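Reviewing the structure listed below.
The values are calculated or read from the model by the stated rules, or taken from the named source; none is laboratory data. Bear in mind the structure is a predicted one, so any value in this text is a computation, not a measurement. Counting neighbours? That spans all protein chains shown, and the Cβs are built from the backbone with ideal geometry, glycine included.
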Amino acid sequence: MPWGCPGLKIMLKEFKMDLHIHTCLSPCAQSEMLPTAIIKKAREQNLDALGICDHNSAENITAVRKAAHRAGLRVLAGMEICSREEVHVLAFFEDDDALMRMQTIVYENLPGENNEKYFGEQLIADEYDKVVGSTKKLLIGSTTLGVNEIVASAHSLGGLTVASHIDRESFSIIGQLGFIPKDLPLDALEISPRCNPDEIENYKSYGLPLITSSDAHLLSDIGRVFTKFLLSALSFSEVAMAFRGIQGRAVSI
Ligand SMILES: [Zn+2]
Ligand SMILES: [Zn+2]
């Protein structure tokens with residue numbers, strides 16, 4: 001039966017997701033944030049899926065995804081990209097090719113080199129938590145891309161974009177710009193675990209789905225908050241449909 005046909009019955013199920021987790025690749029994250037350790041904690045927290053979003057890089061995605069696969073968990077592959085306005089944006093991609101193309105765009109527009117002494121290590125791990133390298137890019141820095149360019153590039157690669165921790169004063173779109181531009185086609189907004197519940201109604205007025213995520217930089221923070229997705233299956237396209245509220249799919253916090 002085709003989509004949209006009257007009488008079509010889709011079985012929907014709730015999935016718990018924490019879509020904003022850093023690994024040991026992020027200089028500000030703890031070195032304990034290794035692939036199998038992250039997955040073990042995510043399982044303990046009864047998450048169905050997790051999003052891996054390191055600062056300006058996706059170099060640990062494959063390792064975490066392989067570790068997740070062994071444990072029967074799903075990973076939404078992403079990055080937390082810092083714009084030239086110092087706005088953090090989560091960008092998620094369905095396939096590795098798109099993710100790597102976005103990483104190339106980000107790296108080409110990310111000046112500077114990391115100094116481990118000041119900013120921390122940027123460790124690349126394998127799926128069994130063995131550290132196999134590091135990246136020299138200054139991942140803690142800002143790209144030279146405007147927030148509108150990040151959203152446009154991600155969308156052109158079939159990605160989804162979420163404005164990070166909009167309730168925070170630093171590195172959030174509202175904190176940096178003072179508002180969310182009406183013509184910026186974000187797919188969702190993220191509120192942090194510390195968000196004042198009274199503020200949530202205000203954020204709903206933007207007319208975009210709200211998610212909440214841990215922004216975990218250490219293992220104990222994984223799953224401390226999560227978003228519930230009502231989907232017919234656990235997939236990237238279902239998450240995209242939930243953001244658009246298609247045929248009963250929904251997002252709730
Ligand atoms: Zn952030
Ligand atoms: Zn973050």
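Restricting attention to region 148-169, the residues being in contact (Cβ under 8 Å) with a residue 24 or more places away in the chain and within 24 Å of S220 (Cα to Cα) number 7.
Of the strands (runs of 3 or more DSSP E) lying entirely inside region 1-116, not one contains at least 1 residues that are away from ligand 2 (no atom under 16 Å from the Cβ), modelled with pLDDT under 95 and touching a His at 6+ places or on another chain (Cβ under 6 Å). Would region 199-209 turn up any residue that is within 19 Å of the chain's Cα centre (by Cα) and touching a residue at least 60 places away in the same chain (Cβ under 8 Å)? Within region 199-209, none of the residues are within 19 Å of the chain's Cα centre (by Cα) and touching a residue at least 60 places away in the same chain (Cβ under 8 Å). Restricting region 169-186 to residues that are away from ligand 2 (no atom under 14 Å from the Cβ) and surrounded by fewer than 15 Cβ atoms within 10 Å (Cβ to Cβ) leaves a set whose member that is nearest to S213 (Cα to Cα) is E169.
Only one residue in S142, S134, S156 is away from ligand 2 (no atom under 16 Å from the Cβ) and closer than 15 Å to V106 by Cβ, so which one is that?
It is S156.
Among the residues of region 173-209, the ones that are small (G, A, S) and in contact with an Asp or Glu (Cβ under 9 Å, 6 or more places away or on another chain) come to 2 in all.
Residues in region 117-125: is at least one over 17 Å from V162 (Cα atoms), within 16 Å of ligand 2 (Cβ to nearest atom), outside any helix (DSSP H, G or I) and not charged (D, E, K, R)? Scanning region 117-125, I find at least one residue that is over 17 Å from V162 (Cα atoms), within 16 Å of ligand 2 (Cβ to nearest atom), outside any helix (DSSP H, G or I) and not charged (D, E, K, R), so the answer is yes. Being crowded, with 20+ Cβ neighbours inside 10 Å, in contact with a His (Cβ under 7 Å, 6 or more places away or on another chain) and under 21 Å from I21 (Cα atoms) holds for only one residue in L160, L139, and it is L139.
One residue alone among I21, I81 is within 16 Å of ligand 1 (Cβ to nearest atom), closer than 14 Å to G223 by Cβ and touching a helix residue (DSSP H, G or I) at 6+ places or on another chain (Cβ under 8 Å), and that residue is I21. Quick one: would you say K130 is closer than 16 Å to C24 by Cα, of a type in the set (K, R) and either modelled with pLDDT under 95 or in contact with a strand residue (DSSP E or B) (Cβ under 8 Å, 6 or more places away or on another chain) (or both)? The answer is no for K130.
I'd like to check something: does region 31-49 contain any residue that is in contact with a helix residue (DSSP H, G or I) (Cβ under 7 Å, 6 or more places away or on another chain) and closer than 17 Å to L90 by Cα?
So far as region 31-49 goes, no, none of its residues is in contact with a helix residue (DSSP H, G or I) (Cβ under 7 Å, 6 or more places away or on another chain) and closer than 17 Å to L90 by Cα.
Exactly one residue out of I150, I166 is assigned to a helix (DSSP H, G or I) and within 15 Å of ligand 2 (Cβ to nearest atom): that is I150. For region 198-244, the set of residues classified as assigned to a loop (DSSP other than H, G, I, E, B) and within 16 Å of ligand 2 (Cβ to nearest atom) consists of S213, S214, D215, H217, L218, I222, G223, R224, V225, F226, listed by residue number.
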